[in-house]
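For reference, the structure discussed in these notes is given below.
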Amino acid sequence: MSDILSRHRQLCELLTEYGHQYYVLDNPTVPDAEYDRLMRELLSLEVEHPELKTPASPSVRVGGQPLAAFKQVRHEIPMLSLDNVFSSEELMAFEQRMRDRLKRGLDFTFCCEPKLDGLAVSLLYVDGQLVQAATRGDGASGEEITDNVRTIKAIPLALRGSGWPTRLEVRGEVFMPKAGFEAMNEKALAAGEKVFVNPRNAAAGSLRQLDSRITASRPLSFYAYGVGVGGDELGNSHFGRLNQLKEWGLPLSPEVKLKEGAAGCQAFHDDILARRAELPYEIDGVVYKVDDIALQLELGFVARAPRWATAHKFPAEEEMTLLENVEFQV
Ligand code: NAD
């Protein structure tokens, strides 16, 4: 048992440190696949020994502490993480768990979306005007980054059309398209400056700048993937809500599709994985969400993630050696 205890402590320390470097400093020191491997080891240890799990465990916490240099924003509705599946067996188990929980032999319709590798942001529109933007932070509070977000051309400063809720919170991912990332790193290399480790790290570092002129010079883009505040004034379909956001001028990935059951999700996954290299932005998987909002509410949440959604992660592309001997920019 003392071996288990000490391995648990070691995993918590490692994951907390890697999480801080990734979420707070935008400067990861290990590849995501290594982080995911350690996290899965921690999760299975805590399933076997539930007494080891504490509220401070990296397995139950979302993201990292917001940076003190920014004004903090409390999220009216917490911004959570996503659980993961890594195989078709785990995908079928995810669907079965929801059936068991609802105690009905339901056939689910899923909204299937690419999992963009960027930074989650919350955009608050009041009377159709963008008044506040914030990072996810630790899920309960994030950093106020309104001036920086206003420099991203894909994000409308005012909604189009009419009929939006008085207060509408749009959630989505700010990301750096591959072409912009490569051009930016080539320029940095030529000038003898530090390069970014990957587009995710570049997007996060660009958005969390105290000087919004720096953000304005970075090639950032945005896709919406959900509604927070104001969602209850919209329809009962998640896919329908996303399309409503599109009508109001928010960018929606053309890859987002409705699919039936785990088999439909798997086909979506296989199609996107086959086209991964051709996509103009980096993705680290796909996301499946139960489309029926009433069912989402019935399924609810666990500590850090909704029960009605999961990310299906792709195999890792980066290697440990890539991260060695390179100086990275924040
Ligand atoms: P996550 O990134 O796996 O999933 C949640 C996030 O997915 C959301 O916050 C959102 O930003 C994003 N997302 C993209 N498309 C989405 C969509 N269509 N719908 C909903 N959300 C969407 O979860 P996390 O808790 O932020 O991070 C965990 C992951 O981060 C790990 O799996 C690991 O790969 C990586 N990580 C790496 C290190 C490291 O040191 N390399 C450290 C910490 C975390």
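Quick one: putting +1 on the C-beta of Lys and Arg, -1 on the C-beta of Asp and Glu, what dipole do you get for the chain around its Cα centre, in Debye to the nearest 20?
Details: 37 positive and 49 negative charges, 178 e Å.
It comes to approximately 860 debye.
Work out the length of the dipole vector of region 146-300 about its Cα centre, built from +1 on the beta-carbon of each Lys and Arg and -1 on the beta-carbon of each Asp and Glu, and round it to the nearest 20 debye.
Rounded to the nearest 20 debye, it is 560 debye.
At 30 Å minimum axial length over the Cα atoms and a Kyte-Doolittle cut of 1.6, report the qualifying DSSP H helices in the chain, or say none. Write out the running numbers ahead of the final one.
On the way: long enough: none.
Helices passing the filter in the chain: none found.
So for the pair Ala267, Arg97, with labels modelled 7 Å out along Cα→Cβ, what separation do we get in nm?
Distance between the two pseudo-spin positions: 2.5 nm.
Give the ranking of Glu260, Glu169 by solvent-accessible surface, highest area first, calculated with a 1.4 Å probe. The partial results should precede the final answer.
Values: Glu260 115, Glu169 10 Å².
Heavy-atom accessible area, descending, gives Glu260, Glu169.
Assuming 1.306 mPa s and 10 °C, estimate D for region 128-274 with Stokes-Einstein, Rh taken as the Kirkwood radius over Cα pairs, in µm²/s. Could you put the intermediate results ahead of the total?
Values: Rh = 17.1 Å.
For these conditions, the coefficient is 93 µm²/s.
Under a 1.4 angstrom probe, counting protein chains only, how are Asp100, Asp107, Asp138 ranked by accessible area, largest first? Kindly include the intermediate steps, with their values, before the conclusion.
Working: Asp100 90, Asp107 130, Asp138 45 Å².
Ranking Asp100, Asp107, Asp138 by accessible area, largest first, yields Asp107, Asp100, Asp138.
Using a 7 Å offset from Cα along Cα-Cβ at Ser2, what residues in region 29-53 end up with backbone N under 17 Å from the label point?
It comes to no residues whatsoever.
Quick one: accessible surface of Ile77, probe radius 1.4 Å, all protein chains present, in square angstrom to the nearest 10.
Result for Ile77: roughly 70 Å² accessible.
Using only DSSP helix segments of four residues or longer, with each worth -39500 (n - 2.57), what per-residue ellipticity at 222 nm results for the chain after dividing by its residue count and rounding to 500? List each step's numbers first, then the result.
Details: 10 runs with 112 residues, N = 330.
One gets -10500 deg cm²/dmol as the mean residue ellipticity at 222 nm.
Strictly greater than 26 Å: what percent of every Cα pair in region 197-330 meets that? Don't skip to the end; give the middle numbers.
Details: 3452 of 8911 pairs.
Beyond 26 Å sits 39 percent of the P(r) for region 197-330.
To the nearest 10 square angstrom, how much accessible area does Trp308 have with a 1.4 angstrom probe?
40
For region 139-223, what percent of Cα pairs sit more than 15 Å apart? Spell out each step's value before the answer.
On the way: 2235 of 3570 pairs.
So the pairs more than 15 Å apart make up 63 percent of the total in region 139-223.
With every protein chain left in place, what is the accessible area of Glu17 in Å² (1.4 Å probe, nearest 10)?
Roughly 90 Å² of Glu17 is accessible to a 1.4 Å probe.
What do you reckon, how do Lys257, Lys187, Lys103 stack up by accessible area (1.4 Å probe), largest on top? Walk me through the numbers on the way to the answer.
Values: Lys257 85, Lys187 155, Lys103 180 Å².
Largest to smallest exposure gives the sequence Lys103, Lys187, Lys257.
Return the subset of Lys178/Lys257; Lys71/Lys257; Lys53/Lys289; Lys178/Lys313; Lys178/Lys246; Lys153/Lys187 for which the Cα-Cα distance in this structure is over 29 Å, preserving the input order. Kindly include the intermediate steps, with their values, before the conclusion.
Details: Lys178/Lys257 23 Å; Lys71/Lys257 37 Å; Lys53/Lys289 27 Å; Lys178/Lys313 19 Å; Lys178/Lys246 23 Å; Lys153/Lys187 22 Å.
The pairs that break the limit, which is 29 Å between Cα atoms, are Lys71/Lys257.
Where nothing but the Cβ of Lys and Arg (+1) and of Asp and Glu (-1) is charged, how large is the charge dipole of region 228-296 around its Cα centre, in debye to the nearest 20? Display every interim value, and only then the final one.
Numbers: 7 positive and 12 negative charges, 14 e Å.
Computed about the Cα centre, the dipole is about 60 debye.
Output wanted: per-residue J couplings in Hz (rounded whole) for region 131-143, from phi through Karplus 6.51 cos²θ - 1.76 cosθ + 1.60, θ = phi - 60°, x for Gly and Pro.
The phi angles translate into 10, 7, 10, 9, 7, 5, x, 8, x, 8, 9, x, 9 Hz.
Once both labels are modelled 7 Å past Cα along the beta-carbon direction, what's the Asp107-Val126 spacing in nm?
The modelled label-to-label distance comes out at 4.6 nm.
Can you check what the net charge comes to around His75, using other residues whose Cβ is under 12 Å from the Cβ of His75 (Lys, Arg +1; Asp, Glu -1)?
Details: positive: Arg74, Arg136, Arg171; negative: Glu76, Asp138, Glu143, Glu144, Glu169.
Net local charge, His75 excluded: -2.
For the chain, how big is Rg over Rh, using alpha carbon atoms and the Kirkwood form of Rh? Working shown, then result.
On the way: Rg = 19.7 Å, Rh = 20.8 Å.
Radius of gyration over Kirkwood radius for the chain works out to 0.95.
What is the spin-label model distance, in nm, from Ser237 to Glu89 if the labels are put 7 Å beyond Cα along the C-beta direction?
Roughly 3.5 nm, to one decimal.
When the accessible area of the chain is split by element with a 1.4 Å probe, what percent falls to carbon and sulfur?
52
When the convex hull of the Cα atoms of region 6-125 is projected onto a plane and the area is averaged over all directions, what value comes out in nm²?
Values: hull surface 42.5 nm².
Answer in nm², one decimal: 10.6.
What residue among Leu207, Leu106, Leu119 shows peak mean-square fluctuation when the chain is described by a Gaussian network model with Cα springs under 10 Å?
Leu106
Ordered by packing density, taken as the mean number of other Cβ atoms within 10 Å over each peptide's residues, highest first, how do 173-179, 188-194 rank? Working shown, then result.
Values: 173-179: 21.0, 188-194: 10.3.
Ranked from most to least packed, the peptides come out as 173-179, 188-194.
The values are calculated or read from the model by the stated rules, or taken from the named source; none is laboratory data. Here the structure is a predicted model, which means the values were calculated and not measured. No Cβ is skipped: glycine too gets one built from the backbone with ideal geometry, and neighbour counts run over all protein chains shown. The accessibility values were calculated without ligands, DNA or RNA, using every heavy atom of the protein model including side chains. Shrake-Rupley method; radii C 1.70, N 1.55, O 1.52, S 1.80 Å.
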